[in-house]
Amino acid sequence: MNRDALVTLFCELVQIDSLSKHEAAFASVIADKLAGLGLDTTDDGVGPRINGDCGNLICRVPATADGFPAIMLNTHVDTVGDDTGIQPVINDDEIHSAGDTILGADAKAGITLILSTLQALDDQKLPHGELVVVFTVAEEIGLVGAQHLDYEMLQPLPRMAYVLDGGVTAGRMTTQAPYADNISFEIRGKAAHAGVEPETGINAIQIAAQAISQMKLGRLDDESTANIGTIQGGSATNIVPEVTTFEGEARSHQEEKLIRQTRDMCQKVEEAASQAGAEANITTERNYNGFALGPDDAVVQRGITAAEQVSLEPNLHKGGGGSDANIFNEHGIPSVIIATGAHKPHTPEELLHIPSMVKCCEWLLAIITLQQ
Ligand SMILES: [Zn+2]
């Protein structure tokens, strides 16, 4: 794989802004690049439904030989947060951002790898099966594009998917990811003048504090976590606060443990509220379902064999977060996340390790062209 070409393409891509729900201009650049390879892209039309300016981009690359499985390649086109005007700086083997912004290697390293691999397949006229390339929108704000994707357009479903949204270590595949719930709490107490008649009030903030202090939070065990992440309430120091709202989440690789933890967090709030004569309104929502694939699954097996073919040590990893792979697995497409060379995502220290990206590109090419 040509290192310079990968670096040039990556630097071009990160300089084009693509905030969640504002991906249209960037998506058209991707579509143009695919058109340059003689490939058509289709927008699945979900943009208006998710208040975005474009939908997910789907591109079918026809098979050039028989005997290969149909493989889906995916990554997301949006970058996290609201950083714009990203300027990449090349420093020996690493690319950083010039300012205090993210770099956008999450997931533009993945896009670089997909486009470069399609280019290599075309240049070298390599035999491969059908490829279904899916660029999702609005991943960073809750896997929104993947959740709303028009899966009818993927029929017949690809046999497996590789999501290029992983870490720095070439050869690493995330084959397991947790289940996750989001929980929103509202406590309604009673307002009163804090100095004149506090005894007639019911302090919603105090109830929230009691409930949260009773919860098990943080790392619960080696496969479960929980967090309260936001809290709002009250209006002035001289008013007993009537309402407070707070939000949290729980995750676990075991669905039963997740259900138990979510129930426990809700119970703590219900108990504290009822003891104080307040009202608790709670909404829980399954954010995504987990998955667990192993070496017996074709998608993992292919990743391992291809890694060995390009002298990489395959490394199966249990992830702690959700990604579009969770949603694809839910929809019946066995999916793993593979490394791209990107490191420290979602921070100003984010970087791309160039030799890792080059190796990941060789790996992806091997995955696609592997004859089994
Ligand atoms: Zn990402």
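Assorted remarks:
- Our summary gives region 1-102 a relative contact order of 29 percent, counting only alpha carbon pairs under 8 angstrom and 6 or more residues apart.
- Set of aspartates and glutamates near residue 190 by C-alpha distance (under 18 Å), chain-local residues within fewer than 8 positions excluded: 199, 242, 270, 271, 279
- Rounded to the nearest 20, the size of the Cβ-charge dipole of region 125-265 about its Cα centre is 280 debye, with Lys and Arg at +1 and Asp and Glu at -1.
- Virtual spin-label span in nm between residue 64 and residue 347, 7 Å along Cα→Cβ: 4.1 nm
- Candidate cross-link partners of residue 257 among the lysines, defined by an alpha-carbon separation under 30 Å and a same-chain spacing of 8 or more, comprise 216, 268, 318, 344.
- Region 179-288 shape via C-alpha gyration tensor axes, a/c threshold 1.5: prolate
- Whole-Hz ³J(HN,Hα) from phi, Karplus 6.51 cos²θ - 1.76 cosθ + 1.60, for region 140-150, glycine and proline x: 5, 9, x, 6, 5, x, 5, 5, 9, 3, 7
- Overall shape: prolate for the chain, with the ratio a/c of the largest to smallest alpha carbon gyration tensor axis at 1.5 or above and a/b above b/c.
- Look at 308, 23 and count the other Cβ atoms within 10 Å of each Cβ; fewest to most, that gives 308, 23.
- Residue-count net charge about residue 269 - beta-carbon cut-off 15 Å; Lys, Arg +1, Asp, Glu -1: -4
- Among the listed pairs 33/125; 33/359; 21/359, those beyond 29 Å (Cα-Cα): 21/359
- When the charge dipole of region 223-372 is built from unit charges on Cβ atoms (+1 for Lys and Arg, -1 for Asp and Glu) and taken about the Cα centre, the candidate among 346, 361, 266 whose Cα reaches farthest toward its positive end is 361.
- Centroid-to-centroid separation of region 26-79 and region 83-129 [C-alpha atoms, Å]: 16 Å
- Span-rule helices in the chain, defined as complete DSSP H runs reaching 20 Å or more along the axis (Cα) with Kyte mean at least -1.0: 105-124, 354-369
- Gyration tensor (alpha-carbon) shape descriptor, region 63-195, a/c threshold 1.5: oblate
- With the simple model of a label 7 Å out from the Cα in the direction of the Cβ, residue 5 to residue 260 spans 5.4 nm.
FYI, it's all coordinate maths here, none of it is from the lab. Being a predicted model, the structure only gives us computed values, none of them experimental. Ideal geometry is used to build each Cβ from the backbone, glycine not excepted, and the neighbour counts take in all protein chains shown.
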